[in-house]
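A.B. asks: Input: one structure, supplied below.
The values are calculated or read from the model by the stated rules, or taken from the named source; none is laboratory data. All of these numbers come straight from a predicted model, not from anything done at the bench. Cβ atoms come from the backbone with ideal geometry, glycine included; neighbour counts cover every protein chain shown.
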Amino acid sequence: MRALEVVETGPLALVQDLGRPGYAHLGVPPSGALDVPALTLANRLAGNDEAAAGIECLFGGLRLRAKTSCTIAVTGPAVAVEVDGHAVGSHAPVWLAEGQVVAIGAPINGLRCYLAVSGGIAADAELGSRSRDVLSEIGPAPLRAGDVLPLGTPPGVARGADVVLPTVAPSELVVPVGPGPRAHWFEGLEAGLAKTWTVTAESNRVGLRLDGTPLAREGDYAEKELPSEGLLIGAIQVPPNGLPVVFLADHPTTGGYPVAAVVRQASLPALAQARPGTLLRFHSSTRVWKR
Amino acid sequence: MRWRAYGEHAALLDCASLTQAIAAHAAVSSARPSGIAELVPGARSLLVVETPGSGALAAVRDLLSGADLEHPPDGEPREITLDVTYDGEDLELVAQDAGVSLEDVVRLHTDAVYTVAFTGFAPGFGYLTGLPGPLRQPRLPSPRTRVPPGSVGIAGEFTGVYPRVSPGGWRLIGHTRAVLFDPRADPPALLAPGDRVRFRSAG
């Protein structure tokens, strides 16, 4: 059996593919890689279909032993990658002989690196996906030292690329947003969202929790309760304390706090890489707002 | 009824009542225009997400603009019966607050026919509407940290079954052995929005 053995995991290493959208009506979050372009790039470099399952590695510290020869690629932010202690670099296909150990260091900025392996991780799928959903606890359990990960059959030959640049996770982000369904519940919403917010350490795959100047409700809505309604990835939900949560892939499918605005989808990969302490501001272009 | 913006590829229909929300969901589910990526009913709303470029949102708006949402369409919903042992930790509290006997609580809960209005909280957790008046009671003042799977609870206008161990603040009146959610089964959830549900006392 083609396989990788987990030697060490770092803070959190999860199997992720493109998730399981389409089940929200049953209460199942979409899940999937938070930085989708990083996973699909890693898969292309390793010769896989873009949708193959790889490993989402939070803040490095992952070491894997090849139980069989295979090709891997590591993407995301710039990060040290070593094979048996020798630097090999990220964002390029790397061939591993049977028994060799690949180690991913801590990224120099950002949070999540992605490792793809030829054939993909062939863990059991649930609802059509191998993604680990940390909210619902669906999908393969978080990796632990000693796990043996079965690999699929490589569909083709790994392709190199001349130059592939790592993701750069800036320490300040400007995130374009459009209005949410309850935008009218808030007073001075555009100006409030445009102030500086800080990503807190309570953030995870469910959502980014922000600290800053609390958003205030319009008088008519000050005490209003919201009957539970559907939530989406990128929704900016505002609980009674006024501090927004930006929902990511493992978000609950319904919720009882108002959604004030919604992040443009193109910004989701950058949010996936936002470390605690990252500063961000939400920018609502008029064109987007009036759409 | 009013449409609200929800990002680039979705819109939320604000409904005046739970009945209207259920009717809107039923109307869209039965017509099922192509290109709908997600259709998520809420307690007073319906969230429609389209596959980018499919035009499904416009199709749903057209469909609902002429629909009679005061009278849900006469479909043939799935009917599911759940066997319940009425031995919940809050059964006496519920009887007391309702001003009835324990037997009456069971009779009230089993006589009604419920509709799965929406899901959430956990995979397979359905919010069931149709609860008789005396059983519409508030949540516990402080939620339990561990509610066993299969627990049948009530809260406000809803009743429901916890699919798995979780924290929870609903008043518990019994438990069922039915499997509410199995990610390896097809379909994975026993209850989906629009289903009719009855509870039967298993003694």
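A.B. asks: Do the conditions hold for residue A:259, that is, is it of a type in the set (A, V, I, L, M), within 14 Å of another protein chain (Cβ to nearest Cβ), under 17 Å from residue B:12 (Cα atoms) and touching a residue at least 40 places away in the same chain (Cβ under 8 Å)?
C.D. replies: Spelling it out, residue A:259 is indeed of a type in the set (A, V, I, L, M), within 14 Å of another protein chain (Cβ to nearest Cβ), under 17 Å from residue B:12 (Cα atoms) and touching a residue at least 40 places away in the same chain (Cβ under 8 Å).
A.B. asks: Of these, A:238, A:206, A:199, which one is more than 14 Å from chain B (Cβ to nearest Cβ) and surrounded by fewer than 23 Cβ atoms within 10 Å (Cβ to Cβ)?
C.D. replies: Within the list A:238, A:206, A:199, the selection yields A:199.
A.B. asks: So, in segment B:22-40, of the ones that are in contact with an Asp or Glu (Cβ under 9 Å, 6 or more places away or on another chain) and surrounded by 21 or more Cβ atoms within 10 Å (Cβ to Cβ), which residue ends up farthest from the other protein chains (Cβ to nearest Cβ)?
C.D. replies: Filtering first and then ranking leaves B:23.
A.B. asks: Just name the residue that is nearest to residue A:132 (Cα to Cα) out of those in segment A:209-235 that are small (Gly, Ala, Ser) and crowded, with 24+ Cβ neighbours inside 10 Å. Spell out the reasoning first.
C.D. replies: Of segment A:209-235, the ones small (Gly, Ala, Ser) are A:212, A:216, A:219, A:222, A:228, A:230, A:234-235.
So of that shortlist, the ones also crowded, with 24+ Cβ neighbours inside 10 Å come out as A:230, A:234-235.
On the way: A:230: 21, A:234: 19, A:235: 21 Å.
By that ranking, first place goes to A:234.
A.B. asks: Here's something else I'd like to know. Residue B:145 passes all but one of (1) closer than 23 Å to residue A:251 by Cα; (2) in contact with a His (Cβ under 9 Å, 6 or more places away or on another chain); (3) in a strand (DSSP E or B); which number fails?
C.D. replies: So residue B:145 meets the others, but not (2).
A.B. asks: Further question: Applying the selection to segment B:122-134, what residues are under 16 Å from the mean Cα position of the chain (by Cα) and either of a type in the set (Gly, Ala, Ser) or surrounded by fewer than 23 Cβ atoms within 10 Å (Cβ to Cβ) (or both)? Even if it seems obvious, please write down each step before you answer.
C.D. replies: In the first step, residues of segment B:122-134 are kept if they are under 16 Å from the mean Cα position of the chain (by Cα); the result is B:122-132.
If the condition is that a residue be under 16 Å from the mean Cα position of the chain (by Cα) and either of a type in the set (Gly, Ala, Ser) or surrounded by fewer than 23 Cβ atoms within 10 Å (Cβ to Cβ) (or both), then B:122, B:124, B:126, B:129, B:130, B:131, B:132 are the ones that fit.
A.B. asks: Out of (1) in contact with a strand residue (DSSP E or B) (Cβ under 9 Å, 6 or more places away or on another chain); (2) within 14 Å of chain A (Cβ to nearest Cβ), what's the single condition that is false for residue B:176?
C.D. replies: (2)
A.B. asks: Another question, then. Considering only segment A:20-36, how many residues are surrounded by fewer than 24 Cβ atoms within 10 Å (Cβ to Cβ) and more than 11 Å from chain B (Cβ to nearest Cβ)?
C.D. replies: Count: 1.
A.B. asks: Let me ask something else. Quick one: is residue A:239 at pLDDT below 95 and either within 17 Å of residue A:193 (Cβ to Cβ) or hydroxyl-bearing (Ser, Thr, Tyr) (or both)?
C.D. replies: Against the criterion (at pLDDT below 95 and either within 17 Å of residue A:193 (Cβ to Cβ) or hydroxyl-bearing (Ser, Thr, Tyr) (or both)), residue A:239 qualifies.
A.B. asks: Return the only residue of B:69, B:13, B:82 being within 12 Å of another protein chain (Cβ to nearest Cβ), within 22 Å of the chain's Cα centre (by Cα) and buried (at least 20 other Cβ atoms within 10 Å of the Cβ).
C.D. replies: Of the residues listed, the single one that is within 12 Å of another protein chain (Cβ to nearest Cβ), within 22 Å of the chain's Cα centre (by Cα) and buried (at least 20 other Cβ atoms within 10 Å of the Cβ) is B:13.
A.B. asks: Is it true that residue B:145 is away from chain A (no Cβ under 14 Å), over 24 Å from residue B:20 (Cα atoms) and loosely packed, with under 13 Cβ neighbours inside 10 Å?
C.D. replies: Yes, satisfied.
A.B. asks: Might you let me know whether segment A:222-245 holds any residue that is without any contact (Cβ under 8 Å) to a residue 12 or more places away in the chain and over 27 Å from residue A:168 (Cα atoms)?
C.D. replies: Looking for residues that are without any contact (Cβ under 8 Å) to a residue 12 or more places away in the chain and over 27 Å from residue A:168 (Cα atoms), one finds at least one in segment A:222-245, hence yes.
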